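In what follows, a single structure is set out as structure tokens and then discussed.
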There are 2 protein chains.
Amino acid sequence: MTTILLIDDDTELTGLLGEYLEQEGFRVAIAADGERAFGRIVDARADIVVLDIMMPKVDGLQVLRRIRSESSVPVLMLTARGDEADRIAGLDLGADDYLAKPCSPAELTARIRAILRRTQPGGEPTSEATGVQREGPLAIDRARRVATWADTPVVLTGVEFNILDVLIAQVGKPVSRAELSQQGLGRPLASYDRAVDVHVSSIRQKIGTFDDGRSPIQSLRGIGYVLVKE
Amino acid sequence: MTTILLIDDDTELTGLLGEYLEQEGFRVAIAADGERAFGRIVDARADIVVLDIMMPKVDGLQVLRRIRSESSVPVLMLTARGDEADRIAGLDLGADDYLAKPCSPAELTARIRAILRRTQPGGEPTSEATGVQREGPLAIDRARRVATWADTPVVLTGVEFNILDVLIAQVGKPVSRAELSQQGLGRPLASYDRAVDVHVSSIRQKIGTFDDGRSPIQSLRGIGYVLVKE
DNA sequence: CAGTGGCGTTAAGGTCGCGTCAAAAGGACG
DNA sequence: CGTCCTTTTGACGCGACCTTAACGCCACTG
């Protein structure tokens, strides 16, 4: 049985999340502060840690640093809206993925499963799995926040990189505007909100196109966007 | 096989670190206090020593002094964050590098490998290799706390040197203001705190620029700063 | 085939991160 | 107590970035 350790001082949230995760078939342990967390990792034999970076009293990054200095357990960070500095700092410290708060429980479980798929079978060093991802001519380096097209660097803004990151993390799968807005801009999608479209547009212009002139980012009417391989 | 000697009285930490380092392909020996350390250096034939300066019962600097009086084995110190006095004292006593605690195992191994690269091939006396790092026209000497640009000396203040040191230790990787403040100024970053910016600004003015006029220290909006190679 | 609504794209406006200068606040030393 | 050096704080301005608005196109619908 897979065990998840939730570290967050919002006990209401962890309670509900924990319930949901248990319904999904996980075993759940909870730590309400950083201090208690370290013991729990060991004695709960956690297979994965979900860590809230924004805690009022303790610095989540410090907790992460200490976890990493003592264990190689996979870590999924919950970060505040668009807090880029925290994200890269976290990934740099060896976190495996991040998710912008607030997020749906369904999405959280999806990410958890994705990390477990990556980390459990191969036993590959976790930092390897997160750092760079290449899909055809397109590649991103999450630690450096740099994208390249056919090995030439592409200069993206913060939001643009976030959106491309979400798309590339789910190659071939359609991603809704709502999720792109939440993960990329850090806020839920409002009605008549065209911000995502505009950002996708500028990403398209900055990265290249395939030989036939098509963009790797395709739009699905009424659905969202997909990153296609070729 | 390369052997690492860990000197630290936190046995839990050394145990986990040791495990990690063994996975990384090193042979690991552990000494829980200063006394036991000296014997171990000899009989474990340590190729490098990782020494915690901040030990509750013994003075790490004393241990370092005694190590240096008997051996020229490379030493990597673990120091408290921002503890400039200890760093300088340690480097003066002949330590090869330092790392602020707490640190990730990944970073520790990276530093260890860096030191081994410097010290092993040439067989040069360690004092020669001590704490100097060169990146393009820029070089720093951690023992003397001096920086040079194109081999001409650059006069930096204490904080300025710390910041440049942190940046140069992670060339090509973005470093957040929060980390620069913590490592360079010894305090967490407060809101509306512009100190880091000002220091970076004066570092930029003191060191030179590349041929195209760009500074080796580039800022990433919303992220932090990077030291680029060219 | 006209209508509607989703989407691409450009341009304009406002916000805010950051560079930099200047003055204030510490601190070491005589 | 005064001087010099380092560090921090305040302030100003620029420019990058995000958003909003507007226009036009195209797919789907009745």
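The values are calculated or read from the model by the stated rules, or taken from the named source; none is laboratory data. If you're wondering where the values come from, they're calculated on a predicted model, not measured in any experiment. Heads up, the Cβs are rebuilt from the backbone with ideal geometry, glycines too, and the neighbour counts pull from every protein chain shown.
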At pLDDT below 85, surrounded by fewer than 18 Cβ atoms within 10 Å (Cβ to Cβ), under 16 Å from the mean Cα position of the chain (by Cα) and not in a helix (DSSP H, G or I), is that true of B:R134? no
Which ones in the stretch A:59-80 are in a loop (DSSP other than H, G, I, E, B) and within 12 Å of another protein chain (Cβ to nearest Cβ)? A:S71, A:S72, A:V73
Tell me which residues, restricted to the stretch A:83-111, are within 18 Å of A:G60 (Cβ to Cβ), in contact (Cβ under 8 Å) with a residue 24 or more places away in the chain and either assigned to a helix (DSSP H, G or I) or of a type in the set (V, I, T) (or both). A:E84, A:D86, A:I88, A:A89, A:G90, A:L91, A:D92, A:L108, A:R111
For the stretch A:193-226 the number of residues that are of a type outside the set (A, V, I, L, M, F, W, C) and within 9 Å of DNA strand C (Cβ to nearest atom) is 14
Taking the stretch B:211-230 as the search range and keeping residues that are away from DNA strand D (no atom under 11 Å from the Cβ), touching a residue at least 40 places away in the same chain (Cβ under 8 Å) and not in a strand (DSSP E or B), which one is nearest to the other protein chains (Cβ to nearest Cβ)? B:V228
Tell me, yes or no, whether the stretch A:191-207 has at least one residue that is hydroxyl-bearing (S, T, Y) and at pLDDT 95 or above. yes
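Table: residues versus (1) modelled with pLDDT under 90; (2) more than 19 Å from A:R144 (Cα to Cα); (3) within 16 Å of DNA strand C (Cβ to nearest atom).
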site: B:E107; (1), (2), (3): yes, no, no
site: B:A114; (1), (2), (3): yes, yes, no
site: B:A139; (1), (2), (3): no, yes, no
site: B:L164; (1), (2), (3): no, no, yes
site: B:P174; (1), (2), (3): no, no, yes
Give me the residue from the stretch B:174-207 that is crowded, with 16+ Cβ neighbours inside 10 Å and assigned to a loop (DSSP other than H, G, I, E, B) and, out of that set, nearest to the other protein chains (Cβ to nearest Cβ). B:P174
Answer with yes or no whether A:G39 is surrounded by fewer than 21 Cβ atoms within 10 Å (Cβ to Cβ), within 14 Å of chain B (Cβ to nearest Cβ) and either among the hydroxyl-bearing types (S, T, Y) or touching a residue at least 24 places away in the same chain (Cβ under 8 Å) (or both). no
Select from the stretch A:149-163 the residues that are free of Cβ contacts under 8 Å to residues at least 60 places away in the same chain and either more than 14 Å from every other protein chain (Cβ to nearest Cβ) or under 20 Å from A:R111 (Cβ atoms) (or both) and list them in ascending order. A:W149, A:A150, A:D151, A:T152, A:V154, A:F161, A:I163
Kindly provide the set of residues from the stretch A:42-58 that are farther than 24 Å from A:A114 by Cα and crowded, with 16+ Cβ neighbours inside 10 Å, ordered by number. A:M55
When you scan the stretch A:25-33, do you find a residue that is assigned to a helix (DSSP H, G or I) and among the aromatic types (F, W, Y), even just one? no
How many residues does the stretch B:1-24 contain that are within 14 Å of chain A (Cβ to nearest Cβ) and either assigned to a helix (DSSP H, G or I) or over 18 Å from the mean Cα position of the chain (by Cα) (or both)? 15
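Could you check, for the stretch B:137-146, whether at least one of its residues is more than 13 Å from DNA strand D (Cβ to nearest atom), farther than 26 Å from A:D83 by Cβ, without any contact (Cβ under 8 Å) to a residue 60 or more places away in the chain and surrounded by fewer than 16 Cβ atoms within 10 Å (Cβ to Cβ)?
Yes, because at least one residue in the stretch B:137-146 is more than 13 Å from DNA strand D (Cβ to nearest atom), farther than 26 Å from A:D83 by Cβ, without any contact (Cβ under 8 Å) to a residue 60 or more places away in the chain and surrounded by fewer than 16 Cβ atoms within 10 Å (Cβ to Cβ).
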